[in-house]
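Chemist: Got a structure here, written out as structure tokens. Questions coming.
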Amino acid sequence: MDLAALPKVELHSHLDCCLSYDAVGQIDPGTTRERYDRQFVAPARCGSLADYLRYTLNHRAALQTERALRIAVRDAFAQMAADHVVYAELRFAPLVHLEEGLTPDEVVGAVAEETVRQTQETGIEASIILCTLRDFDTDASLRTARLVERHAALGPVTALDIAGDEATYPLDPHLPAFERVRQAGLGVTVHAGEAAGPASVWEALDAVATRRIGHGVRAVEDSDLVARLAEERIHLELCPSCNVQTGAVPAFDAHPVDQLRNAGVRVGISTDTRGVSDIRLTQEYQRLHETFGWTLADYARVNRDALDASFAPADVRARVGGLLDAAYSEVSS
Ligand SMILES: [Zn+2]
């Protein structure tokens, strides 16, 4: 099985954590390999999500101009093309890219425009999810929600997410932002159940009524919650290697991806932070094959489930569905 050649749907990838050494070099030609490895790539195991997030700040600091943001988008598409991603949802928090004078609309506009261009050039269909952050206040989250609404009308922006330190900050201050986006008929997803336990997933389901959870891996600690996820067909955006790196699970072979799937939970497989984690999606598929013996049927299932849960418009969904059907034709859907 040629894992690189399998078409892949990736729903959980942070644009502002994806920078390759080559991209950082384009942004700042003085960057050495040693500096990139030390500042942009987290150790294979961090003490906590908070430790891990420190490395993301260096990616963010490099992305404060329109030129740098466009380089990041092109870099992400090049990496996704190598993985044969056919549909991607890229996410980032626009309000943390204003340090050198860009306005939030300019930030989102540049990323959206470059994404459309890259879709035309590579054939990879893509949506953009705008993130608010756990440590933001209600007002900043509402500003991000309004950006989702405004830019959804113009281009590939489709949804609101919340990222950041979920173990320290609750969802409450951000509920008005999610309500606004939901009222507008747009998508929502919530990072939960990674640094924080099952209670954070219950909170996301009850307070935001999200149909998707970013990670959600620690739901496995609560059998009632697992049953609810399965029954309500909630999709978990799983990123196994990243979960090991942040300490959410102790080792790759201890990851509950199959335990969740066997309980009927729908999951997809993503990289989360290609640069910070130094991971490619094909590598992630390889690890799932080597560790859990995944076959073509497993890859077919997770990609079809990811497409079902995606924020793709109907025409894109149909095109990507056709690509998956052609590639996974030996496996009935
Ligand atoms: Zn994430």
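Nothing in this text is a laboratory measurement; each read-out follows from the coordinates by a stated rule. Computed from a predicted model, the values in this text were never measured in an experiment. Cβ sites come from the backbone with ideal geometry, for glycine too, and all protein chains shown count toward neighbours.
Chemist: Could you pull out every Cys in the chain that lacks a partner Cys with its beta carbon under 4.7 Å away?
Modeler: Cys with no partner Cβ under 4.7 Å: CYS17, CYS18, CYS46, CYS131.
Chemist: Report the relative contact order of segment 235-307, percent, no decimals, based on alpha-carbon pairs under 8 angstrom and at least 6 residues apart.
Modeler: Working: 76 pairs, mean separation 27.5, N = 73.
With pairs under 8 Å counted, the relative contact order is 38 percent.
Chemist: Scanning the chain for GluC sites (Glu not before Pro) in DSSP loops with at most 13 other Cβ atoms within 10 Å, what's the longest stretch left with none? Write out the running numbers ahead of the final one.
Modeler: Working: sites that count: GLU99, GLU100, GLU232, GLU330.
Maximal segment without exposed cleavage sites: 101-231.
Chemist: How long are the three semi-axes of the equivalent ellipsoid of segment 166-283, in whole Å, if each is the root of 5 times an eigenvalue of the C-alpha gyration tensor, listed from largest down? Can you show the working numbers first?
Modeler: Numbers: eigenvalues 104, 56, 38 Å².
Over the Cα atoms of segment 166-283, the ellipsoid semi-axes are 23, 17, 14 Å.
Chemist: Could you give me the ³J(HN,Hα) list for segment 49-56, computed from phi with Karplus coefficients 6.51, -1.76, 1.60 and θ = phi - 60°, whole Hz, x at Gly and Pro?
Modeler: With coefficients 6.51, -1.76 and 1.60, one gets 4, 4, 4, 4, 5, 4, 6, 5 Hz.
Chemist: At what distance in angstrom do the alpha carbon centres of segment 295-320 and segment 91-111 lie from each other?
Modeler: If we compute the Cα centre of each part, the gap is 29 Å.
Chemist: Trypsin sites (Lys or Arg not before Pro), restricted to segment 1-100: which are DSSP loop and have at most 16 other Cβ atoms within 10 Å?
Modeler: On the way: sites: LYS8, ARG33, ARG35, ARG38, ARG45, ARG54, ARG60, ARG67, ARG70, ARG74, ARG91; in loops: ARG45.
Here the sparse-neighbourhood loop sites are ARG45.
Chemist: Would you calculate, for the chain, the mean residue ellipticity at 222 nm contributed by helices, counting each DSSP H stretch of 4 or more residues as -39,500 (n - 2.57) and dividing by all residues, to the nearest 500?
Modeler: -14500 deg cm²/dmol
Chemist: State the extension gain, in nm to one decimal, for the chain segment bounded by ASP51 and ASN262, taking 0.36 nm per residue of separation less the distance between their alpha-carbons.
Modeler: Working: separation 211, 0.36 × 211 = 75.96 nm, distance 3.20 nm.
Here the segment from ASP51 to ASN262 would lengthen by 72.8 nm.
Chemist: Report the trypsin sites (Lys or Arg not before Pro) located in segment 182-241 that are in a DSSP loop and have at most 13 other Cβ atoms inside 10 Å of their Cβ, or state none. Kindly include the intermediate steps, with their values, before the conclusion.
Modeler: Details: sites: ARG182, ARG211, ARG212, ARG218, ARG228, ARG233; in loops: ARG211, ARG233.
Those satisfying the criteria are ARG233.
Chemist: Considering every pair of different Cα atoms, what Kirkwood radius, in Å, is found for the chain?
Modeler: Mean inverse Cα-Cα distance, inverted, gives 19.6 Å.
Chemist: Pairwise over distinct Cα atoms, reciprocal of the mean inverse distance: report the Kirkwood radius of segment 211-333 in Å, one decimal place. Before the final figure, lay out the partial values.
Modeler: Working: mean 1/r = 0.0666 Å⁻¹.
Roughly 15.0 Å, rounded to one decimal.
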